[in-house]
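Visitor: First, the structure itself, so that you have it in front of you.
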Amino acid sequence: MSVVQVKGKDVELDEDGFLVNPEDWNDDMVAYFASQEDVTELTENHWKVINYLRDYFKKFGAAPMVRKVCKDTGFSMQEIYELFPSGPAKGACKLAGLPKPTGCV
Amino acid sequence: MASKFSATPEELSKIDHNPPKKGWMDTPVEFKEHTFCWGAKGKNLAALELPNARDWSPADEDWKLPENWQKIFLDGMKERLGKYRSFRLFMDICVRCGACADKCHFFIGGGDPKNMPVLRAELLRSIYRRYFTVSGRMFGRAARARDLTIDVLKELWYYYYQCTECRRCSVFCPYGIDQAEITIIGRELFNLLGLNIEWIAGPVANCYRVGNHVGLEPHTITSSVEFFCDDIEDVTGIRINPTFNRKGAEILFVAPSGDLFADPGTYTAMGYLMLFHELGLDYTWSTYASEGGNFGFFTSNEMGKRLNAKIYAEAKRLGVKWILGGECGHMWRVLHQYMDTWNGPADFMEVPVSPITGTRFENAKSTKMVHIAEFTADLIKHGKLKLDPSRNNHLNVTWHDSCNPSRAMGLLDEPRYVLKSVCNNFYEMPENTIREKTFCCGSGTGLNASENIELRMRGGFPRANAVKHVRDAHGVNMMSCICAIDRATLKALMEYWVPDVEISGLHELVGNALIMKGEKERTLDLRLVPLPGKAAKE
């Protein structure tokens, strides 16, 4: 567990750098996570994936299958990796403020 | 936050097997970054009513242990020595012959002598001797006994989360000592002190609360299966409508939840759906018993039992005759060796009989639970499936014997029989790396986290090396297996050591080859990738 200061606000992160409290999520945090996960510039396409992930999580209480992300956003797997170099689970989910997927994954 | 793991395969393959100059008791443990997992979060320990629930980190000096931690540990050990004869026996009988020393994938790929199974066990045996034998009490170190200090506890912890309970070493032990059982007890003792790892505690808490490790709620499960059915329709033109929680179904089907979430397991799930549809099987999925795996088994006997209970409970509630289980690894050690006495006898069900072939599965007479590989092998043996193996011609396939189905239940020939029926190009890895002597993926028993990635890549090195051999010799580009942890972790392992070899489950390949009534001409495989021409056998 660690605390980072983002725009003057203390935010708690877990060891993997994911949000501990989902209510801390905001645009500033997305920008901060982007800097941590090798996303150089946040584009409309990034936001398309982030918003999709958040909507899905609200409805289903878990991150979506990567296959589903691709199908529903229209991005190929390769494009997802280009947008989020550390991948859909570690990168995109982190930016979207979702917990890290667990289990046999 | 941890730094990024950046060691190249070239760097990691330079393995030093020379032991340190000093003896093992005088070589203190060093917690190396990327070789250990994060400590369990307090909220997950609390959710499971496990003791000493608090956030903690193995990297910290202070592990926030209760003041009387030594007493708790030793009392726990005493209780288990009395309760489990196997544990006492394994503490007593090792003669240090060394047959196991070079059989562990972590030792082969890492070179740390404390990962020789004999020495890993000795870490705990030295405590056993000090507190539970006369010679150890009297002669201490001269009798290879040592005090349980905080540094000793940390050393034990570090190495007992560097064992995947794969049991390869026990195949070679002339006494049949089962190192997995020693690790299991070690981890139970850590759990008395709140020392689980998060990658286990998180899934266990999910499973206890929601019913599966991934944390998929009922509407998420049905939505995911629906998604697979859409893709199956794209591939075959056939619409499948599976049922959930259906009372009166003949068979309950239980799969690892990873197959409903993570690639390439999701393609295996499509294979299950297609096969059952084609057979017209009277079966149901359950959103309650929605996990075949059991990370509770990596926590304690009690926790394993607690999570396992819902499978029989659901079978009873739905009134099914028997249970069919999917491609999950450690699930089958639990089902084959523990379930019957934990939560059985399941005498409210019947001895499983295949409704298609009439085969009575005598081997599952007591548990009432049949492995899908034996179910499918039986179908093929009786000529009940129409198969076109040429649809897998673009694949040169090898078979990874997942540790638990192979070593814990002897499932060696059934999957091979299925594989050879659905693929034309099959190549075995070298003899001492398959069947009972199979090498672990390096990430089992809840060690499939990301923060311990160096450990995983080192532990998987012997397996990867054998794959490299068949890739170079036969152009193998696909390794198939029957374990969800394997499917998730071998993918990363191949990307690191043997790029361009992909991973699949068995029933993904069955789904590719299965000729279904009324299907359209297949132009895509289950990954929705165009199938090369039928004559594509290069």
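Visitor: Being in a helix (DSSP H, G or I) and either in contact with a helix residue (DSSP H, G or I) (Cβ under 7 Å, 6 or more places away or on another chain) or more than 22 Å from B:Phe87 (Cβ to Cβ) (or both) is true for just one of B:Gly186, B:Gly211, B:Gly215, B:Gly176. Which residue is that?
Guide: After ruling out the rest, the residue left standing is B:Gly186.
Visitor: Give the residue that is nearest to B:Glu33 (Cα to Cα), with candidates limited to residues of the range B:66-96 that are of a type in the set (S, T, N, Q) and surrounded by 12 or more Cβ atoms within 10 Å (Cβ to Cβ).
Guide: Restricting to residues being of a type in the set (S, T, N, Q) and surrounded by 12 or more Cβ atoms within 10 Å (Cβ to Cβ), the top hit is B:Gln70.
Visitor: With B:Glu302, B:Glu291, B:Glu327 as the choices, which residue is at pLDDT 95 or above and farther than 23 Å from B:Tyr267 by Cβ?
Guide: B:Glu302
Visitor: Here's a follow-up. Just to check your reading of the model, which residue among B:Ser390, B:Ser450 is assigned to a loop (DSSP other than H, G, I, E, B) and over 25 Å from B:Leu252 (Cβ atoms)?
Guide: Criteria check complete, one pass: B:Ser450.
Visitor: Looking at (1) more than 11 Å from chain A (Cβ to nearest Cβ); (2) more than 16 Å from B:Ile323 (Cβ to Cβ); (3) among the hydroxyl-bearing types (Ser, Thr, Tyr), which is the one condition that is false for B:Thr287?
Guide: (2)
Visitor: Mind telling me which of the residues B:Gly248, B:Gly258 ends up being among the small types (Gly, Ala, Ser) and surrounded by fewer than 20 Cβ atoms within 10 Å (Cβ to Cβ)?
Guide: Of the residues listed, the single one that is among the small types (Gly, Ala, Ser) and surrounded by fewer than 20 Cβ atoms within 10 Å (Cβ to Cβ) is B:Gly248.
Visitor: Here's something else I'd like to know. Within the range A:82-100, can one find any residue that is away from every other protein chain (no Cβ under 14 Å), surrounded by 18 or more Cβ atoms within 10 Å (Cβ to Cβ) and under 21 Å from B:Glu217 (Cα atoms)?
Guide: The answer is yes; a qualifying residue exists.
Conditions tested, residue by residue: (1) buried (at least 23 other Cβ atoms within 10 Å of the Cβ); (2) in contact with a Leu (Cβ under 7 Å, 6 or more places away or on another chain); (3) modelled with pLDDT under 95; (4) assigned to a helix (DSSP H, G or I).
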site: B:Met457; (1), (2), (3), (4): yes, yes, no, yes
site: B:Asn465; (1), (2), (3), (4): no, no, no, yes
site: B:Asp472; (1), (2), (3), (4): no, no, no, yes
site: B:Ser480; (1), (2), (3), (4): yes, yes, no, no
site: B:Asp486; (1), (2), (3), (4): yes, no, no, yes
site: B:Lys491; (1), (2), (3), (4): no, no, no, yes
site: B:Glu495; (1), (2), (3), (4): no, no, no, yes
site: B:Asp500; (1), (2), (3), (4): no, no, yes, no
site: B:Ser504; (1), (2), (3), (4): yes, no, no, no
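Visitor: Also, I was wondering about something else. Looking at (1) within 14 Å of chain A (Cβ to nearest Cβ); (2) part of a loop (DSSP other than H, G, I, E, B), find the lone condition where B:Arg246 falls short.
Guide: Result: B:Arg246 passes all but (1).
Visitor: Somewhere in the range B:317-327, is a residue β-branched (Val, Ile, Thr), outside any helix (DSSP H, G or I) and within 30 Å of B:Ala488 (Cα to Cα)?
Guide: Yes, some residue in the range B:317-327 is β-branched (Val, Ile, Thr), outside any helix (DSSP H, G or I) and within 30 Å of B:Ala488 (Cα to Cα).
Visitor: Name every residue in the range B:274-306 that is more than 22 Å from the chain's Cα centre (by Cα) and free of Cβ contacts under 8 Å to residues at least 60 places away in the same chain, in order of residue number.
Guide: Those that are more than 22 Å from the chain's Cα centre (by Cα) and free of Cβ contacts under 8 Å to residues at least 60 places away in the same chain: B:Phe276, B:Gly280, B:Tyr283, B:Thr284.
Visitor: Would you check which residues across the range B:218-243 are outside any helix (DSSP H, G or I) and in contact (Cβ under 8 Å) with a residue 24 or more places away in the chain and list them?
Guide: B:Gly237, B:Ile238, B:Ile240, B:Pro242, B:Thr243
Visitor: Taking the condition buried (at least 18 other Cβ atoms within 10 Å of the Cβ), aliphatic (A, V, I, L, M) and closer than 28 Å to B:Glu291 by Cβ, does A:Val30 pass?
Guide: no
Visitor: Name the single residue, out of those in the range B:484-502 being under 14 Å from B:Pro9 (Cβ atoms) and β-branched (Val, Ile, Thr), that is farthest from the other protein chains (Cβ to nearest Cβ).
Guide: The qualifying residue farthest from the other protein chains (Cβ to nearest Cβ) is B:Val498.
Visitor: Same structure, new question: Can you spot a residue in the range B:56-67 that is of a type in the set (A, V, I, L, M, F, W, C), under 22 Å from B:Glu181 (Cβ atoms) and in contact (Cβ under 8 Å) with a residue 24 or more places away in the chain?
Guide: No.
Visitor: Related question: Condition first: surrounded by fewer than 14 Cβ atoms within 10 Å (Cβ to Cβ), within 21 Å of A:Pro22 (Cα to Cα) and more than 10 Å from every other protein chain (Cβ to nearest Cβ). Now tell me which residues in the range A:56-77 satisfy that.
Guide: Passing the criteria: only A:Lys58.
Visitor: Just for the range B:396-416: of the residues that are buried (at least 21 other Cβ atoms within 10 Å of the Cβ) and among the aliphatic types (A, V, I, L, M), which one is farthest from B:Ile515 (Cα to Cα)?
Guide: B:Ala408
Visitor: While we're here: Could you grab me the full set of residues in the range B:452-506 that are of a type in the set (Asp, Glu) and free of Cβ contacts under 8 Å to residues at least 60 places away in the same chain?
Guide: Within the range B:452-506, B:Asp472, B:Glu495, B:Asp500 meet the criteria.
Visitor: Here are the criteria: (1) of a type in the set (D, E, K, R); (2) without any contact (Cβ under 8 Å) to a residue 12 or more places away in the chain; (3) outside any loop (DSSP other than H, G, I, E, B). Tell me which single one B:Asp259 does not satisfy.
Guide: So the condition that B:Asp259 fails would be (2).
Visitor: Now, a different point. Of B:Phe139, B:Phe172, B:Phe227, B:Phe190, which residue is surrounded by fewer than 23 Cβ atoms within 10 Å (Cβ to Cβ), hydrophobic (A, V, I, L, M, F, W, C) and within 13 Å of chain A (Cβ to nearest Cβ)?
Guide: Every option except B:Phe227 fails the conditions.
Visitor: Right, something else. Here are some conditions: (1) on the phi > 0 side of the Ramachandran plot; (2) away from chain A (no Cβ under 14 Å); (3) crowded, with 16+ Cβ neighbours inside 10 Å. B:Trp63 meets all but one. Which one does it not meet?
Guide: The one condition B:Trp63 does not meet is (1).
Visitor: Could you check the range B:1-26 and list, in sequence order, the residues that are without any contact (Cβ under 8 Å) to a residue 60 or more places away in the chain and either surrounded by 12 or more Cβ atoms within 10 Å (Cβ to Cβ) or within 14 Å of chain A (Cβ to nearest Cβ) (or both)?
Guide: B:Met1, B:Ser3, B:Lys4, B:Ser6
Visitor: So, one more: What is the number of the single condition among (1) closer than 30 Å to B:Leu531 by Cβ; (2) within 13 Å of chain A (Cβ to nearest Cβ); (3) of a type in the set (Ser, Thr, Tyr) that B:Thr220 does not meet?
Guide: (1)
Visitor: Output yes when any residue across the range B:316-334 is in contact with a Pro (Cβ under 9 Å, 6 or more places away or on another chain) and among the acidic types (Asp, Glu), and no when none is.
Guide: yes
The values are calculated or read from the model by the stated rules, or taken from the named source; none is laboratory data. As the structure is a prediction and not an experimental result, all values here were calculated from the model. Note: ideal-geometry Cβ built from the backbone for every residue, glycine included; neighbour counts use all protein chains shown.
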